[in-house]
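Take a look at the structure set out below.
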Amino acid sequence: MSLLVVGLSHRSAPVSVLERASLNADAQVKLLQDTVAAEPAAEAALLATCNRIELYADVDKFHAGVAELSTLLAQHSGVGLEELTPYLYVHYEDRAVHHLFSVACGLDSMVVGEGQILGQIKDSLNRAQELNSAGRLLNDLFQQALRVGKRAHSETGIDRAGQSLVTFGLEQLAAGGEVQTWARGKKALVIGAGSMSSLAAATLARAGVAEVVIANRTQDRAERLAQILAEGDDTDVLARAVPMESVPVELTRADVAVSCTGATGLVLTAESVAAAVEGRTATPSAVADGDGPPAPDGEPGRTAGAERGNLPATGLGGEDGCPLDLSAVQGTAGFSVLGEAAVAGMAAADLEQHAAWVDNGTVGGAQRAARPGTAGPLDPASDADAIAALAATVAAVGRIPERRRPEPADEPPRPEPVLFLLDLAMPRDIDAAAHRLGGVRLVDIESLAEASAGAPMAADVDQVRRIVSDEVAAFGAALRAAHITPTVVALRTMAADVVASEIARLDGRLPGLDDKYRAEITQTVRRVVDKLLHAPTVRVKQLAAEPGGAGYADALRTLFDLDPEAVAAVSRAEDSTEKDRGPA
């Protein structure tokens with residue numbers, strides 16, 4: 001059997017795919033049950049967080065295992081296998097161990113160095129143990145991953161390289177300012193009462209918000225979290241619990257809202273967010289009696305284009321030297337083309353390709369062809385098509401288009417945010433359309449991924465990587481040594497049976513042997529057998545722990561003619577003990 005992991009994360013898949021592939025609690029349980037029921041897998045564990053879904057299994061065939069685990073992920077996530085496959089990654093044996101240990105240390109997190117992943121790994125192990133889907137391999141693997149993660153955080157400064165996703169999200173809401181300064185005195189609404197929401201509530205309380213309101217579908221969990229916050233020694237925050245039905249009302253009072261629930265649909269729609277913001281920020285009045293902005297200086301009857309080009313709205317031209325009479329085009333300095341708009345049904349690029357007007361221009365059409373990008377007067381012979389196009393343009397729009405880079409449009413300033421939203425759920429709780437609402441700043445998993453992509457990594461990351469490499473080597477050695485243990489146990493069991501058989505034969509040959517002498521003889525025979533087996537069994541465990549040492553188990557079975565079924569029975573007994581161990 002060998003370790004295999006198939007999964008996808010923020011590093012391999014866009015947030016939109018992760019969002020669709022996310023699994024609720026029931027789907028996670030069913031996926032584990034179906035995995036261990038599948039032929040290639042004997043054990044299974046699932047690590048599902050807001051930015052990763054990874055299925056770990058002990059399989060007997062690599063290719064069959066990859067196909068089966070990929071198919072199961074697609075079936076239970078609801079994303080088609082063909083669509084999901086390009087985003088999946090596969091790790092096998094030592095690479096799979098290395099991957100999980102890196103994840104446990106926060107090296108593979110969206111925010112490098114965050115420690116929250118350790119709790120999520122522990123939850124995954126507990127779930128697999130409760131469902132009896134974790135045997136010896138996955139129990140040892142996940143427990144060792146927890147130890148490696150704790151070692152990385154205690155022996156290095158990896159904590160300085162990053163922080164929790166909650167803290168990072170609040171930093172993004174603060175837009176580069178100090179979170180404590182930004183949060184001080186604000187009213188916070190936290191939707192959900194799970195581990196991530198609890199962390200968000202505690203972080204906000206420590207940051208100095210004046211009030212934290214907890215909304216959750218299970219009222220007693222919300223009340224318990226509110227009580228913990230209110231009674232905390234390190235904060236002085238007002239905390240209370242409300243039912244989910246009160247979220248729209250509480251949102252109108254809140255300055256910041258954090259949402260992380262297990263809902264499959266939106267918790268906050270763009271409409272509900274807009275309703276909460278309405279009346280809290282000044283909105284510029286709409287321009288009356290017209291679709292466009294008012295004319296500069298209050299002058300009526302002028303368009304923005306005419307103002308920029310200094311042209312009358314209905315005239316043919318305005319700048320000195322620009323011809324007004326098309327019949328005189330051959331004797332003029334030429335025409336200009338506004339390359340930013342299509343006029344008279346003709347693409348501006350087509351006009352600009354042939355003609356441009358520049359004061360005192362001297363370069364003709366043939367010279368323009370030799371010097372691309374230069375403007376000059378039209379040549380009546382070579383530019384007849386352009387002249388005809390310009391004539392049609394003037395006839396259609398009543399003026400000559402002018403070539404002048406348009407001034408940037410005056411956009412109304414975006415109002416300062418009055419409502420800050422942090423969405424840490426997958427799939428998302430808050431409608432992404434809220435990004436476009438005035439007076440709202442929304443940070444979600446997608447924007448966090450973009451913000452963290454260029455985040456600097458601390459020097460301690462290299463030290464953590466060395467710890468991971470050392471621990472992977474140690475785990476591999478222990479795994480290989482453990483692989484030979486059933487063979488060694490079977491060998492010693494066979495030796496004990498031989499001793500028992502010979503003592504029974506001795507009793508038959510010497511029925512009158514004194515009990516004291518019989519016990520001494522029995523003990524002597526056992527000591528002889530133990531001493532003969534001690535050195536080779538210890539040495540074979542050492543050799544088996546080295547790379548390529550798996551063949552020593554086969555050698556023992558061959559040399560001592562061990563029954564393969566006896567070895568397999570020992571393995572099954574050990575696996576059964578591991579599965580019955582219960583949650584860690």
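Here the accessible area is traced with a 1.4 Å probe on the protein chains. For segment 427-512, carbon and sulfur cover 57 percent of it. Given R0 = 45 Å, the distance between the Cβ atoms of residue 123 and residue 516 translates into a calculated FRET efficiency of 0.15. Classify segment 18-69: rounded, prolate or oblate, from the alpha-carbon gyration tensor (a ≥ b ≥ c, eigenvalue square roots; a/c under 1.5 rounded; otherwise prolate if a/b is larger than b/c)? Prolate. By its C-alpha gyration tensor, with a ≥ b ≥ c as the square roots of the eigenvalues, how is segment 1-149 shaped: rounded for a/c under 1.5, else prolate for a/b larger than b/c, else oblate? Since a/c stays below 1.5, the shape of segment 1-149 is classed as rounded. Of the residues 139, 78, 105, the one whose Cα sits farthest toward the positive end of the charge dipole of segment 60-191, with +1 on the Cβ of Lys and Arg and -1 on the Cβ of Asp and Glu, is 105. If you plug the beta carbon distance of residue 195 and residue 16 into 1/(1 + (r/R0)^6) with R0 = 22 Å, you get a FRET efficiency near 0.35.
Along the Cα-to-Cβ line of residue 224, 7 Å from the Cα, sits a label point; which residues in segment 190-207 have backbone N less than 11 Å from it? 194, by backbone N distance to the label point. Taking a ≥ b ≥ c as the square roots of the eigenvalues of the Cα gyration tensor, segment 102-167 is classed as prolate, since a/c reaches at least 1.5 and a/b is larger than b/c.
Using Cα centres only, tell me the gap between segment 448-517 and segment 524-540 in whole Å. If we compute the Cα centre of each part, the gap is 17 Å. In the context of the full set of protein chains, residues of segment 90-204 present 34 Å² of accessible surface per residue (probe radius 1.4 Å, heavy atoms only). At an R0 of 60 angstrom, the distance between the Cβ atoms of residue 509 and residue 64 translates into a FRET efficiency of 0.60. The GluC sites (Glu not before Pro) of segment 21-119 that meet both conditions, a loop assignment by DSSP and at most 14 other Cβ atoms within 10 Å of the site Cβ, are 93. Put simply, the C-alpha atoms of segment 132-198 give a gyration tensor, and the ellipsoid matching it has half-axes of 34, 18, 8 Å, longest first. Note on segment 1-157: with neighbouring protein chains present and a 1.4 Å probe, carbon and sulfur make up 48 percent of its accessible heavy-atom surface.
Summarising the label geometry, the points placed 7 Å from Cα in the beta-carbon direction at residue 569 and residue 143 lie 2.6 nm from one another.
The values are calculated or read from the model by the stated rules, or taken from the named source; none is laboratory data. Since we're looking at a predicted model, the values are computed, not measured. Please note: Cβ atoms are built from the backbone with ideal geometry, for glycine as well, and neighbour counts cover all protein chains shown. Heavy atoms of the whole protein, side chains included, go into the accessibility calculation; ligands, DNA and RNA do not. Shrake-Rupley method; radii C 1.70, N 1.55, O 1.52, S 1.80 Å.
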